[in-house]
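Worksheet: the structure to be examined is printed underneath.
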Amino acid sequence: MSCLWRIKRICRHCLRRWRHIRALATTPNSANSTVKNSHNGFITAKPPVRLPRRWLRAFLSLLLMTLVVLVLHYRVLPSSMGYYNQDCSMKEERRERMRHVLRHVVRYLNEENATYWLDFGTLLGVVREGDIMVHDGDMDLSRLANDLDKDRKMMERVGNKLQTVGITGNAMVVKYQDVQVDMFRWQTFNASSGETLLRKYYPFVPKVGFAERLSDYLFPTEIQPSVLFPLRQLSVLGVFAKIPRRTLDFLKRRYPLTWFMTFPYKWKCWTKG
């Protein structure tokens with residue numbers, strides 16, 4: 001109820017401001033509201049001074065953006081992305097559990113000679129800090145999976161090895177207590193331009209989160225193989241993890257507006273009241 005109350009309060013405030021602007025735009029200037037007509041001597045009122053249309057459009061656009069941000073912040077993102085509800089800065093105990101999981105997942109993928117790479121915030125953290133970022137919520141690994149049957153068998157072997165250290169996992173996700181690793185699958189395809197690209201593979205599921213669909217729409221997930229391959233190795237937390245060959249170009253594609261910034265990427269950390 002508190003979030004709905006905030007939304008209603010902001011809407012009422014915006015509505016009052018809108019009425020005030022309209023009143024100013026349509027009310028004649030009281031000091032100079034009349035002028036003498038030189039032809040007939042009658043006193044006539046000046047036409048009302050109206051605000052330019054661009055200011056009205058700007059106000060309406062700002063109001064719409066505010067409503068969208070509020071709905072995303074209080075409704076869509078918390079229900080679509082589990083890590084969005086977590087603290088902005090994790091405790092060291094949880095960070096150590098994330099390190100524990102990442103070490104073992106990377107080690108067992110290396111043993112299988114899998115074509116994988118660190119991705120999204122996990123890649124950003126190890127490149128920038130050599131560690132997992134304190135304001136990260138989960139971990140992300142991607143892998144090439146053109147042969148789904150072969151990939152499934154490989155991940156079954158990896159899952160069996162993970163169980164020996166108390167970690168559960170399958171082809172899509174790895175979990176350990178409150179830690180989660182999203183395992184993304186990528187496949188090559190021939191684009192309409194004739195170029196070979198990689199794109200994220202989504203299995204047939206009844207529902208894909210709105211936030212993921214929106215992210216893919218705003219930031220297309222197609223990748224040029226030359227940006228990824230051949231993969232490089234980076235020493236991370238005592239193991240050698242694979243990362244994209246042109247790492248900086250890859251991160252610019254992932255975070256075109258914020259890849260160079262060092263503050264928490266979860267904007268809820270700046271809007272949380």
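The values are calculated or read from the model by the stated rules, or taken from the named source; none is laboratory data. Model, not experiment: these values are computed from the prediction. Don't worry about glycine lacking a Cβ; one is built from the backbone with ideal geometry, like all the others, and counts go over all protein chains shown.
Being under 16 Å from D140 (Cβ atoms) and out of contact with any Asp or Glu (no Cβ under 7 Å at 6 or more places or on another chain), is that true of even one residue in the range 152-160? Within the range 152-160, one or more residues are under 16 Å from D140 (Cβ atoms) and out of contact with any Asp or Glu (no Cβ under 7 Å at 6 or more places or on another chain).
Of all residues in the range 123-167, which are β-branched (V, I, T) and free of Cβ contacts under 8 Å to residues at least 24 places away in the same chain?
First, pick out the residues of the range 123-167 that are β-branched (V, I, T): 126-127, 132, 134, 158, 164-165, 167.
Result: T164, single match.
Of a type in the set (A, V, I, L, M, F, W, C), in the same structural domain as P244 (by TED's automatic domain parsing), touching a residue at least 40 places away in the same chain (Cβ under 8 Å) and closer than 30 Å to T258 by Cα: does that describe M98? When the stated conditions are applied, M98 passes them. Restricting attention to the range 208-235 and to residues that are modelled with pLDDT of 85 or more and part of a loop (DSSP other than H, G, I, E, B), the residue that is surrounded by the fewest Cβ atoms within 10 Å (Cβ to Cβ) turns out to be P230. Could you list, in sequence order, all residues of the range 128-161 that are in contact with a helix residue (DSSP H, G or I) (Cβ under 6 Å, 6 or more places away or on another chain), over 19 Å from Y201 (Cβ atoms) and part of a helix (DSSP H, G or I)? Scanning the range 128-161 gives a single hit, K161. Of all residue pairs spaced 6 or more apart or on separate chains, those with beta-carbon atoms under 7 Å, a first member in the range 187-203 that is assigned by TED's automatic domain parsing to the domain that holds V173 and a second member that is of a type in the set (F, W, Y) are Q187/Y201; L197/F189; L198/W186; R199/W186; R199/F189; K200/F184; K200/W186; Y201/W186. Across the range 171-205, the number of residues qualifying as within 29 Å of R99 (Cβ to Cβ) and of a type in the set (A, V, I, L, M, F, W, C) comes to 10.
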